[in-house]
Every structure is written in structure tokens, then in C-alpha cells.
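Asker: For reference, the structure I am asking about is given below.
The values are calculated or read from the model by the stated rules, or taken from the named source; none is laboratory data. Bear in mind the structure is a predicted one, so any value in this text is a computation, not a measurement. Calculation scope for accessible area: heavy atoms of the full protein, side chains included, ligands and nucleic acids excluded. Shrake-Rupley method; radii C 1.70, N 1.55, O 1.52, S 1.80 Å.
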Amino acid sequence: MSTAMNFSNKSFTPRPPDKGAFPLDHFGECSAFKERFMECLHHSGYESAACRQSAMAYLECRMDRQLMANEPLEKLGFKDLINEKSEEKPEKS
């Protein structure tokens, strides 16, 4: 009995990522935001939950400069931080 397997019957069809392309920041437009996020990670013992504000700022920078598709921040998991921002703003009387 032959133990060789025939892989030619199955074909792999690559598919694009769900969110599309994620271009590199060749000009370093968001480098300052990335560095703040990385510093926060380092200081928090790489606990990403402690650096969500920095992560949100980095993603906003990328969206503002068309380095990623515009997505509502709520869909990216920052709904609670957006609610905090709106609560902090004093209402005009």
C-alpha cells in the first residue's frame, strides 16, 4: 500500500483580508502615535487594555491619512472610550 498522498486534487484559493489592504506608513505620518502606543505597552508590562486610548489615537491617525479604511471606532472596539470622551465635554448652556 502506498503512503504517498496526492495533493493535486485540492487547490488553495487565496482570498483578500476582510478589511482590505493595510498600507505601510512609508512617510512616518503616524510614527509619533505608534511610538506613544509602544511606550505605553512597555510601561504597562505589555497589557494592551491599559493602552486602548493610545491605540485609538493611532488608528484615528491612520484613518485620517487614508492608511486604512475609515471605520467607526465603535466597530473597532472603542465604543466605551468614545462614550467617556463625550461625557467629559462640558455642555454649553
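Asker: Would you mind working out the accessible area per residue for segment 30-84, using a 1.4 Å probe, and quoting it in Å²?
Answerer: Per-residue value: 62 Å².
Asker: Under the √(5λ) rule applied to the eigenvalues of the Cα gyration tensor, what semi-axes describe the equivalent ellipsoid of segment 30-84? Give them in Å, descending.
Answerer: Ellipsoid half-lengths, sorted descending, are 19, 15, 7 Å.
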